Amino acid sequence: MSTIETRLKDLGIILPAGAAPAANYVPFVQSGNMLHLSGQLPFKDGKLAYLGRLDDTVSTEEGYEAARLCAINLIAQIKAALGDLDRVQRIVRLGGFVNSTAAFTDQPKVVNGASDLMVKVFGDAGRHARSAVGVPALPLGVSVEVDALVEVKG
Amino acid sequence: MSTIETRLKDLGIILPAGAAPAANYVPFVQSGNMLHLSGQLPFKDGKLAYLGRLDDTVSTEEGYEAARLCAINLIAQIKAALGDLDRVQRIVRLGGFVNSTAAFTDQPKVVNGASDLMVKVFGDAGRHARSAVGVPALPLGVSVEVDALVEVKG
Amino acid sequence: MSTIETRLKDLGIILPAGAAPAANYVPFVQSGNMLHLSGQLPFKDGKLAYLGRLDDTVSTEEGYEAARLCAINLIAQIKAALGDLDRVQRIVRLGGFVNSTAAFTDQPKVVNGASDLMVKVFGDAGRHARSAVGVPALPLGVSVEVDALVEVKG
């Protein structure tokens, strides 16, 4: 078993099959050694979890869990793309979109759910640049969407 | 006539002159073999079409058409950058921003207007990674903005 | 003193220490010759400036100044990453997120605060592709967040 797969197992994380895109596009495109991942939603056991808006029906803690689920789905797509997660050179960038009321300003605490998991799973190679912003609405009513850019070992 | 230009003609699409940026930046920057396109608005015959907000004054079908127009303007900028559209190796990524009420959750159906066109025009090379999110407001009151990352043949 | 540092001095700009991320991520990741910068907030003298929403408590002119501050913080991070700002080959892309009421449509005028500064500081190498969108909420209540992609000299 690969190093990263072992770490996932130690964390009790079972990767889902990569979710099919909700529309006419693909979940990832590799260009050179850069892997571009489509925005992932908080799917758990094939169903969306934590629907709703932060500061409204979703708490910051629940938003954190939603972002963590987005990261698990990103890792599932990375595995689908590369076959072996040990081929990840670096998680370069995450883009976090948080379904927010106008009063909610803790987007960083929410997107930490994805950032923390990437560092737990990939170690220093999981440390990434990031943007976290609020949005008024997301596909299918989810609370968080996260996309990613990953460097692949040459 | 190039393969892609022929396909555009078959689709009845006439590329506009690339729209000038609404501010102090440029419509595209090529870095290595990656072409970064600025967010494009739904210009048609030099005028903005489908102004307004989804689930308010703009229907999902109209939003789809607006996203399609954004894609046509992206293709116009790609042509301005590369001269020949056959030099496109891959549409790597689209970023779709949909002017949405808080209740609107069909951003994917809207951004499909851009995704579908890219696949019609570029075939498999048009299949891309994508993020689609809602926003409360866009430049000049447009309903959709789409940016893109394109890989250019070496 | 380097060319760019001299220009900053002529513009009366003193770079801050790069702001520490508000969460568990890093301010920049270099992958090959591409430097990815995390979204920067309008810090001035270690404090956030121009908190609030455009068209509400923040005017377009104040938003412009906020975006300019974001750009100064981006340049500070670029310096932290590269040591010497003369190693910048090109500011490739800026992503501007503007805290906006639903009625505000002058996001380009706001993000110009960042774009104009990049061109003043880096000249033609500062001309970038860009997306500018409205958002309903941003981390810590700031009015503007800007991220960036920079090409580094080989």
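The values are calculated or read from the model by the stated rules, or taken from the named source; none is laboratory data. Computed from a prediction, not measured in an experiment: that's the story for all the values here. Here the Cβ positions follow ideal geometry from the backbone for every residue, glycine too, while neighbour counts run over all protein chains shown. Surface accessibility is based on the protein's heavy atoms, side chains included, excluding ligands, DNA and RNA. Shrake-Rupley method; radii C 1.70, N 1.55, O 1.52, S 1.80 Å.
Which residue pairs have Cβ atoms under 9 Å apart, sit 6 or more places apart or on different chains, and have a first residue in region C:1-25 that is open to solvent by 60 Å² or more (accessible area, probe 1.4 Å) and a second that is of a type outside the set (A, V, I, L, M) and assigned to a loop (DSSP other than H, G, I, E, B)?
Pairs found: C:ALA17/C:GLY46; C:ALA20/C:PRO27.
Based on what the data block shows, is C:VAL58 within 14 Å of chain B (Cβ to nearest Cβ), farther than 29 Å from C:ASN33 by Cβ and of a type in the set (Val, Ile, Thr)?
Yes, satisfied.
Go through B:LEU140, B:LEU149 for me and flag whichever is surrounded by fewer than 24 Cβ atoms within 10 Å (Cβ to Cβ), touching a strand residue (DSSP E or B) at 6+ places or on another chain (Cβ under 8 Å) and within 14 Å of chain C (Cβ to nearest Cβ).
Criteria check complete, one pass: B:LEU140.
For region B:73-90, indicate whether the set of residues that are free of Cβ contacts under 8 Å to residues at least 60 places away in the same chain, farther than 16 Å from C:VAL133 by Cα and not in a helix (DSSP H, G or I) is non-empty.
yes
Applying the selection to region A:42-63, what residues are under 23 Å from A:GLN77 (Cβ atoms) and assigned to a loop (DSSP other than H, G, I, E, B)?
Hits for region A:42-63 are A:PRO42, A:ASP45, A:GLY46, A:ALA49, A:TYR50.
Considering (1) of a type in the set (Ser, Thr, Tyr); (2) touching a residue at least 40 places away in the same chain (Cβ under 8 Å); (3) farther than 24 Å from A:ASN99 by Cα; (4) surrounded by 17 or more Cβ atoms within 10 Å (Cβ to Cβ), say which one B:TYR64 fails and leave the rest.
Condition not satisfied by B:TYR64: (3).
Hey, B:VAL58 hits all of (1) open to solvent by 20 Å² or more (accessible area, probe 1.4 Å); (2) among the β-branched types (Val, Ile, Thr); (3) out of contact with any Pro (no Cβ under 9 Å at 6 or more places or on another chain) but one; which does it fall short on?
(1)
Mind listing just one residue for me: the one in region B:121-137 that is without any contact (Cβ under 8 Å) to a residue 60 or more places away in the chain and among the aliphatic types (A, V, I, L, M) and, of those, farthest from the other protein chains (Cβ to nearest Cβ)?
B:ALA125
Anything in region A:1-41 that is at pLDDT 90 or above, in a loop (DSSP other than H, G, I, E, B) and within 14 Å of chain B (Cβ to nearest Cβ)? List them, or say none.
A:TYR25, A:VAL26, A:PRO27, A:GLY32, A:ASN33, A:LEU41
Just for region B:79-120: of the residues that are within 20 Å of B:LEU15 (Cα to Cα), under 12 Å from the mean Cα position of the chain (by Cα) and not hydrophobic (A, V, I, L, M, F, W, C), which one is surrounded by the fewest Cβ atoms within 10 Å (Cβ to Cβ)?
That would be B:ASP116.
Can you work out which of the residues in region B:104-120 that are of a type in the set (A, V, I, L, M) and in contact (Cβ under 8 Å) with a residue 24 or more places away in the chain is farthest from B:LEU85 (Cα to Cα)?
B:VAL110
Residues are listed down the side, and each one gets a yes or a no for (1) of a type in the set (Ser, Thr, Tyr); (2) farther than 24 Å from C:ILE78 by Cβ; (3) within 13 Å of chain B (Cβ to nearest Cβ); (4) in contact with a helix residue (DSSP H, G or I) (Cβ under 6 Å, 6 or more places away or on another chain):
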position: A:GLN77; (1), (2), (3), (4): no, yes, yes, no
position: A:ASP84; (1), (2), (3), (4): no, yes, no, no
position: A:VAL98; (1), (2), (3), (4): no, yes, yes, yes
position: A:VAL144; (1), (2), (3), (4): no, yes, yes, yes
